[in-house]
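This report concerns only the one structure given below.
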Amino acid sequence: MQDSSHIQTLHLLPELKEGGLERGVIEKVTWLENHGVTSIVVSAGGIWLDRLNKAGIKHIELPIHKKNPFSIFSCARKLTGIIAREEIHLVCAHSRVPAWVAHLATRKGNKHDPPLVIEAQAYYEPFWYSRVMCRGERIIATSGMIRDHMISLGCDSPRIAVVPRGFSKADFITPDSGAGTRLREKWGIPPDSQLIVGVGRITRLKGWDLLIEALAMMPDPKPYCVFVGSAHGRKEKYLDELKLTARNFNLHDRVKFAGHMGNMPIVYAAADCVAMPSRIAEAFGRVVVEGIVSGTPVISTHGCGVAEFLGDEFEDFLIPMNDSKALADKILEVLNDPESTHGKIEIIAGRIFKNLTIENSMWATIDVYRQVCPDLPWPKRG
């Protein structure tokens, strides 16, 4: 392997909380470290900090999750010092506040020094605050839909590279045959019952109330439903609303909230079906990839970014947004025809294993880094 140890990269994200963006950054910097590129992460900290520590990756805590302009300028001044002290060659920003901080800290005349790469992994409101996501030397978009969205914000197409997130095979070692059963027992799911799992943060945008409404529409015996994800701050009010909705539908014994969990392969192994009824278009949809490579069907909504990479078969698992009746019908269709469902899942999983791996994603990312820093000895395939 070529020695790239003197390359210093800096990666900014708001927090190390649960979510596809956060896990993607952790996997990326770990991959870079394993391939000889030093990575430093700047964030406000969070539950995934232990994973960075275990990987030996340096973390610097700054409140770059706060949108207050005074905080942004303060963080930018501190980041300028970090860049100089750590002799950073390239800065990569994820999300808008980190992008503003990085832009202000690295802007020198008509360019950024060191160069700034911005990863666009969401849909941003079309006003001036969001246009910072267009200000990198290169912009990495997680899907073609996000590429088109960035163009609509004013980013010129030649600077955008579409690099879908990859999943790490190392993180998805198949659990032992009894792991899913044991987790179901822990959750109090009877052995002869069907289980739907909702994976993701407890936020209204994820449409979890629609899943409870869909459950109420299903005939008896209704499946059980477990939500795997946590609620923080103002989102705790929405969690209370979900619990009240379950009680109002007399589903309090069938709807459970497991909070944050780290061992996701076991979660998918325990589920008969995963539902992701997002109220807004998902920029990518990491849960879809993870569930399918685990052999579990995932129902999502039209507008899910990852769908463009999964082929025609995945169309059979998509429903309109904000339609609890369509969600109920699709869940029952999937649960009542497991043979056909799993046949399609195997085909889709084959495409994922071939095209959406962390290796493919990272080599494409390295190509982008090489474009902005061509004189550095970036690692090469093989």
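If a residue must be under 23 Å from PRO164 (Cα atoms) and in a loop (DSSP other than H, G, I, E, B), how many such residues does the range 264-285 contain?
First pass over the range 264-285, keeping only residues under 23 Å from PRO164 (Cα atoms): 264-265, 268, 274-285.
Next cut, in a loop (DSSP other than H, G, I, E, B) only: 276-285.
The total comes to 10.
Among the residues of the range 76-85, is any under 22 Å from the mean Cα position of the chain (by Cα), assigned by TED's automatic domain parsing to the domain that holds THR365 and among the polar types (S, T, N, Q)?
So in the range 76-85, the residues under 22 Å from the mean Cα position of the chain (by Cα) come out as none.
No, that holds for no residue.
Could you tell me which numbered condition LEU183 fails, if it satisfies all but one of (1) outside the structural domain of VAL287 (by TED's automatic domain parsing); (2) under 30 Å from GLU359 (Cβ atoms)?
With respect to (1) outside the structural domain of VAL287 (by TED's automatic domain parsing); (2) under 30 Å from GLU359 (Cβ atoms), LEU183 is out only on (1).
Tally the residues that are modelled with pLDDT of 95 or more and assigned to a loop (DSSP other than H, G, I, E, B), restricting the search to the range 297-309.
Of the residues in that region, 1 qualify.
For the range 14-41, enumerate the residues that are touching an Asp or Glu at 6+ places or on another chain (Cβ under 8 Å) and of a type in the set (A, V, I, L, M).
Within the range 14-41, LEU16, ILE40 meet the criteria.
Can you give me the number of residues within the range 124-134 that are part of a loop (DSSP other than H, G, I, E, B) and surrounded by fewer than 19 Cβ atoms within 10 Å (Cβ to Cβ)?
Quick first cut of the range 124-134, residues part of a loop (DSSP other than H, G, I, E, B) only: 124-127.
Then keep just the ones that are surrounded by fewer than 19 Cβ atoms within 10 Å (Cβ to Cβ); that gives 125-127.
Number of matching residues: 3.
Conditions: (1) of a type outside the set (A, V, I, L, M, F, W, C); (2) part of a helix (DSSP H, G or I); (3) not assigned by TED's automatic domain parsing to the domain that holds MET264. GLY154 meets all but one. Number of the miss?
Failing condition for GLY154: (2).
Out of all the residues in the range 135-160, which are crowded, with 17+ Cβ neighbours inside 10 Å, in contact with a helix residue (DSSP H, G or I) (Cβ under 7 Å, 6 or more places away or on another chain) and not polar (S, T, N, Q)?
Across the range 135-160, the qualifying residues are ARG135, GLU137, ARG138, ILE139, ILE140, ALA141, MET145, ILE146, MET150, LEU153, CYS155, ILE160.
Out of (1) touching a helix residue (DSSP H, G or I) at 6+ places or on another chain (Cβ under 9 Å); (2) part of a loop (DSSP other than H, G, I, E, B); (3) surrounded by 15 or more Cβ atoms within 10 Å (Cβ to Cβ), what's the single condition that is false for LYS17?
Answer for LYS17: the failing condition is (1).
Quick check on my filter: what residues within the range 16-42 are touching a strand residue (DSSP E or B) at 6+ places or on another chain (Cβ under 7 Å) and either without any contact (Cβ under 8 Å) to a residue 60 or more places away in the chain or polar (S, T, N, Q) (or both)? Write out each step before concluding.
First, pick out the residues of the range 16-42 that are touching a strand residue (DSSP E or B) at 6+ places or on another chain (Cβ under 7 Å): 16, 18, 21, 25, 29, 32-33, 37-42.
Those that are touching a strand residue (DSSP E or B) at 6+ places or on another chain (Cβ under 7 Å) and either without any contact (Cβ under 8 Å) to a residue 60 or more places away in the chain or polar (S, T, N, Q) (or both): LEU16, VAL29, GLU33, THR38, SER39, ILE40, VAL41, VAL42.
Would a scan of the range 91-109 turn up a residue that is charged (D, E, K, R) and in contact (Cβ under 8 Å) with a residue 40 or more places away in the chain? Working first, answer last.
Applying the first criterion (charged (D, E, K, R)) to the range 91-109 yields 96, 107-108.
Narrowing further to those that are in contact (Cβ under 8 Å) with a residue 40 or more places away in the chain: none.
Checked against the condition, which is being charged (D, E, K, R) and in contact (Cβ under 8 Å) with a residue 40 or more places away in the chain, the range 91-109 yields no hits at all.
Please verify whether the range 214-231 includes one or more residues that are touching a residue at least 40 places away in the same chain (Cβ under 8 Å), outside the structural domain of LEU310 (by TED's automatic domain parsing), in contact with a strand residue (DSSP E or B) (Cβ under 7 Å, 6 or more places away or on another chain) and of a type in the set (Gly, Ala, Ser).
No, the range 214-231 contains no residue that is touching a residue at least 40 places away in the same chain (Cβ under 8 Å), outside the structural domain of LEU310 (by TED's automatic domain parsing), in contact with a strand residue (DSSP E or B) (Cβ under 7 Å, 6 or more places away or on another chain) and of a type in the set (Gly, Ala, Ser).
Can you report the number of residues in the range 226-252 which are of a type in the set (Lys, Arg) and not in a helix (DSSP H, G or I)? Give the steps one after another, and end with the answer.
Going through the range 226-252, the residues of a type in the set (Lys, Arg) turn out to be 234-235, 237, 243, 247.
Add one more test, that the residue is not in a helix (DSSP H, G or I), and what stays is 234.
Counting residues in the range 226-252 that are of a type in the set (Lys, Arg) and not in a helix (DSSP H, G or I) gives 1.
Under 6 Å between Cβ atoms, which residue pairs at least 6 apart in sequence (or on different chains) link something in the range 56-74 that is in contact (Cβ under 8 Å) with a residue 40 or more places away in the chain with a partner that is among the small types (Gly, Ala, Ser)?
HIS65/ALA44
Can you tell me which residues in the range 339-382 are free of Cβ contacts under 8 Å to residues at least 12 places away in the same chain and either surrounded by 14 or more Cβ atoms within 10 Å (Cβ to Cβ) or assigned to a loop (DSSP other than H, G, I, E, B) (or both)?
Residues satisfying the conditions are ARG370, PRO374, ASP375, GLY382.
For the range 310-326, name all the residues that are assigned to a helix (DSSP H, G or I), out of contact with any Asp or Glu (no Cβ under 6 Å at 6 or more places or on another chain) and surrounded by fewer than 24 Cβ atoms within 10 Å (Cβ to Cβ).
Kept after step one, since they are assigned to a helix (DSSP H, G or I), are these residues of the range 310-326: 312-317, 324-326.
Those left that are additionally out of contact with any Asp or Glu (no Cβ under 6 Å at 6 or more places or on another chain): 312-317, 325-326.
Passing the criteria: ASP312, GLU313, PHE314, GLU315, ASP316, LYS325, ALA326.
Conditions first: (1) at pLDDT 95 or above; (2) acidic (Asp, Glu); (3) assigned by TED's automatic domain parsing to the domain that holds GLY285; (4) under 26 Å from ALA283 (Cβ atoms). ASP329 passes all but one, so which condition is the exception?
Of (1) at pLDDT 95 or above; (2) acidic (Asp, Glu); (3) assigned by TED's automatic domain parsing to the domain that holds GLY285; (4) under 26 Å from ALA283 (Cβ atoms), only one is false for ASP329: (4).
For the range 169-213, which residues satisfy the criterion of being within 25 Å of GLY24 (Cβ to Cβ), charged (D, E, K, R) and surrounded by fewer than 21 Cβ atoms within 10 Å (Cβ to Cβ)?
The answer is LYS169, ASP171, ARG201, ARG204.
The values are calculated or read from the model by the stated rules, or taken from the named source; none is laboratory data. What you see is a predicted model; the values in this text were computed from it and never measured. Backbone-built Cβ (ideal geometry, glycine too); neighbour counts: all protein chains shown.
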